[in-house]
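Note sheet for the following structure.
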Amino acid sequence: MRYEELTIEGRNAVLEAFRSGKTIDKLFLLKGCQDGPIQTIIREAKKTDTILNFVTKERLDQISKTGKHQGVIAYSAAYEYANIEDLFHIAEKRGEAPFFILLDSIEDPHNLGAIIRTANLAGAHGVIIPKRRAVGLTATVAKASAGALNYTPVVKVTNLSRTIEELKEKGLWFVCADMNGDSMYQLNLTGPIGLVIGNEGEGVGRLVKEKCDMIASIPMKGEIDSLNVSVATGILAYEIVRQRMQ
């Protein structure tokens, strides 16, 4: 895959991408432009719940790679998104209890890529991310995952809290990472589990945290009070691995 193809510019090219069923994460449109082709693109975008951004010509010029954007630039996913059933299918195929990693609004593509890489190595059956206020599967994410995106599916959901509720009905327990939680060594992290990791700055959101069954903290011995989010994910994921192996 040539990552340069992830940015689609020009009205016909963007419209064709929507009509061919390509996954478009974000659409940047010239603010105030109301003509027919733009309205058609907006209609197509709304069918797929693509995030719309109305911006100035200066902003479009800034992110354009071709200089011929015609007032519209689309960002396509580097890889196709999976669905929740795909994750259950992988767990069933391996004969393992489901182990999913859910990310509440991760914004840094390098962190998302690193987490997908960790998810693969820790044997998680997939990663679940929200549609809004979070990075999608960009070229940077694909590169940072070091190939893990070829093997570890990523699901994009509209509402993380609702997804947790639905997964609870299918037997999963949820543990979220938070500095004020119980030590991860004191918790039972075996069985079908979802590990919930929060945003780089604010952690897991209140509504999502309230849906979780357990809150886990990582013991800290140093002078600073927090770990990089991808490192924290790795530590918690491998505590789940350790408990499963026992």
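The values are calculated or read from the model by the stated rules, or taken from the named source; none is laboratory data. In this text the structure is predicted, and so the values were computed from the model without any measurement. With ideal geometry, Cβ positions are generated from the backbone for all residues, glycine too; neighbour counts draw on all protein chains shown. All accessible areas refer to the heavy atoms of the entire protein, side chains included, with ligands and DNA or RNA removed. Shrake-Rupley method; radii C 1.70, N 1.55, O 1.52, S 1.80 Å.
Worth pointing out:
- Using a probe radius of 1.4 angstrom, the carbon and sulfur fraction of the accessible surface of segment 87-160 is 47%.
- Cysteines without a disulfide-compatible neighbour (Cβ-Cβ under 4.7 Å), the chain: CYS33
- Computed from the Kirkwood radius of its Cα pairs, the Stokes-Einstein diffusion coefficient for segment 58-200 at 25 °C and 0.890 mPa s stands at 150 µm²/s.
- Volume of the convex hull of the chain (Cα atoms only), normalised per residue: 139 Å³.
- Using just its DSSP H runs of length 4 or more, each adding -39500 (n - 2.57), the chain gives a mean residue ellipticity at 222 nm of -11000 deg cm²/dmol after division by all residues.
- Lys, Arg +1 and Asp, Glu -1 on Cβ, resulting dipole of the chain about Cα centre, debye, nearest 20: 640 debye
- Relative contact order for segment 99-246: 29 percent, from Cα pairs under 8 Å spaced at least 6 residues apart, divided by residue count.
- For segment 1-77: rounded, prolate or oblate by the Cα gyration tensor [a/c cutoff 1.5]: oblate
- Å² of accessible area per residue within the chain, as computed with a 1.4 Å probe and no ligands counted: 52 Å²
- Shape call, segment 132-246: gyration tensor on alpha carbons, a/c limit 1.5: rounded
- Distance from segment 74-113 to segment 193-246 (C-alpha centre basis), Å: 17 Å
- Proximal lysines relative to LYS211, as straight alpha-carbon distance under 20 Å, when same-chain residues fewer than 8 apart are discounted: LYS131, LYS156, LYS168, LYS170
- Shape call, segment 180-233: gyration tensor on alpha carbons, a/c limit 1.5: oblate
- Farthest positive-ward along the chain dipole, Cα basis, beta-carbon charges - from ASN159, GLY234, SER20: SER20
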